[in-house]
Amino acid sequence: MNPMRQNEVIKLEPMSLQQLLSLWKYTPQIAENIAHWETIPPRQGRVTDLPRDLHPGLVAALHQQGIHALYLHQSQAWEHTRAGKHVVIATGTASGKTLAYNLPILDRLLRDPEARALYLFPTKALAQDQLEQISKSHINNQQITQSRNLHSPISDEQLRFTNYPLPIANYD
């Protein structure tokens, strides 16, 4: 690859991830801003059985989605949450963080009709993604969530979404 000249604009054609990484690595004006390169080999996921104390409706919803086991970090998050501990989950993209925090919340909402939770997300897209994930569950044929944007003033009609046990909102 030819090194970039200062202030030169490069028109990029669609490329693979490997091509993009090579461009970054071998273009001096880009490479000088990268402190460390490392390729981490893939690891086999470690799984555990679904928790025995998980609400049966939630177990059925997971089975409908083809989920019959939890990754270890999801299981640990469940156990710590059930023990009343605060949990922070820091894992890679698409590693199951959403399920790790949804399980204890959905379980509680199913067991306690008075329970409520509020999800706040920084963008509409993320709020919609989470709403879609939860809505897929069809837990006990209940609609347990609704989504709203909190950026603009809320009318009385919009306030009705708080009647759902799990309103999802964004402030984008």
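Read the figures in this text as sums done on the coordinates, not as results from a lab. None of the values given here were measured: they were computed from a predicted structure. Glycine also receives a Cβ, built like all others from the backbone with ideal geometry; neighbour counts cover every protein chain displayed.
For a label point 7 angstrom out from the Cα of Thr91 toward its Cβ, which stretches of the stretch 23-48 have the backbone nitrogen within less than 14 Å?
Taking a point 7 Å out along Cα→Cβ of Thr91, the residues of the stretch 23-48 whose backbone N falls under 14 Å are 43-48.
Along the stretch 120-133, what does the Karplus equation 6.51 cos²θ - 1.76 cosθ + 1.60 (θ = phi - 60°) give for ³J(HN,Hα), rounded to whole Hz, x for Gly and Pro?
Each residue of the stretch 120-133 in turn: 10, 10, x, 9, 4, 4, 5, 4, 5, 4, 5, 4, 4, 4 Hz.
Would you mind putting 81-94, 110-123, 53-66 in packing order, based on average other-beta-carbon counts within 10 Å, highest first?
53-66, 110-123, 81-94
Assuming R0 = 22 Å, can you tell me the calculated FRET efficiency for the pair Trp37 and Ser16, based on Cβ-Cβ distance, to the nearest 0.05?
0.80
Fewest to most neighbouring Cβ within 10 Å: what's the order for Lys97, Lys25?
Sorted ascending by nearby Cβ count, the order is Lys25, Lys97.
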